[in-house]
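The values are calculated or read from the model by the stated rules, or taken from the named source; none is laboratory data. None of these values were measured; they are calculated from a predicted model. Heads up, the Cβs are rebuilt from the backbone with ideal geometry, glycines too, and the neighbour counts pull from every protein chain shown. Note: areas computed on protein heavy atoms with side chains; ligands, DNA, RNA excluded. Shrake-Rupley method; radii C 1.70, N 1.55, O 1.52, S 1.80 Å.
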Amino acid sequence: MVRTQLIKPRIREILSRELPPELVSMLPKHWVQIGDVLILPLRPELEPYKHRIAEVYAEVLGVKAVLRKGRIGGEFRETNYELLYGSDTVTVHVENGIKYKLDVAKIMFSPANVKERVRMAKVARPDELVVDMFAGIGHLSLPMAVHGKARVIAIEKSPYTFRFLVENIELNKVQDRMTAYNIDNRDFPGENIADRILMGYVVKTHEFIPKALSIAKDEAIIHYHNTVPERLMPREPLETFQKTAREYGYEVEKLNELIIKRYAPGVWHVVLDLRVFKR
């Protein structure tokens, strides 16, 4: 925040010479920086000046590319960002001692989830087997392998994202503890093997509960992420998980529940820490 406050006057100073006065007050006061790539929210009124605005932010903040914030969606949680400045959107973002290489223009990386990534580094236990069913670039499981010294099976369906997952395993020197699979997690053959399971997905995570249960050992812990409308909280998403688990012969103990962030108006992204028992 200190850096943001220090450079704001410089950005305003440069652009106030080029933009109409009423637009200067609409310049973004907040942005997201991932590595040396900036994600900038721009109001429609600034459209005619978007490339020049991006250029100034890039020069003052010292980044190589600027993207205009867009919506995230689709099976692989793809970004829909417009490139305003620069050409190379592949960067290495360092957080909590972890190196995350990614293409910011195509792969989601939410700074708002930093607390959960840090938490996963602390909950993992040395040599336990973690199966990350929605690994992405290793968002949640890299901290477990690097800091927690856990053994990790990381599953990622998107071929493009998988390339970065493999690179990140090497960048963080955890090839001896982390194995990556470029498959749909429902095709993963392992059963009754995991001490801990990561389900870091949203919207449709409940569809994968049966597969998670088949991978889990008795008394395994599952970190179950999903999105839930505020009107259904606090009974959801636990109720759906319990119902499905019982259908498959499991009981569930809730150990913890955390709100990650607001997903949409009236909808929250939450995570449950659950222990599952075979009946």
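Structure notes:
- Phi-based couplings in Hz for the stretch 61-66 (Karplus 6.51, -1.76, 1.60; Gly and Pro marked x): 8, x, 10, 9, 8, 10
- Packing, as the average of other Cβ atoms within 10 Å across residues, places the peptides 115-122, 221-228 in the order 221-228, 115-122, highest first.
- Portion, in percent, of the accessible area of the chain that falls on carbon or sulfur, probe 1.4 Å: 52
- Solvent-accessible heavy-atom area per residue, rounded to whole Å², over the chain at 1.4 Å: 48
- In degrees, nearest ten, helix 159-171 long axis to first principal axis of the chain (Cα): 90
- Listed residue pairs exceeding 22 Å between alpha carbons, taken from K122/K149; K29/K69; K64/K122; K122/K173; K8/K261: K64/K122; K8/K261
- Summing +1 for each Lys or Arg and -1 for each Asp or Glu among the other residues whose beta-carbon sits under 13 angstrom from that of I169 gives +1.
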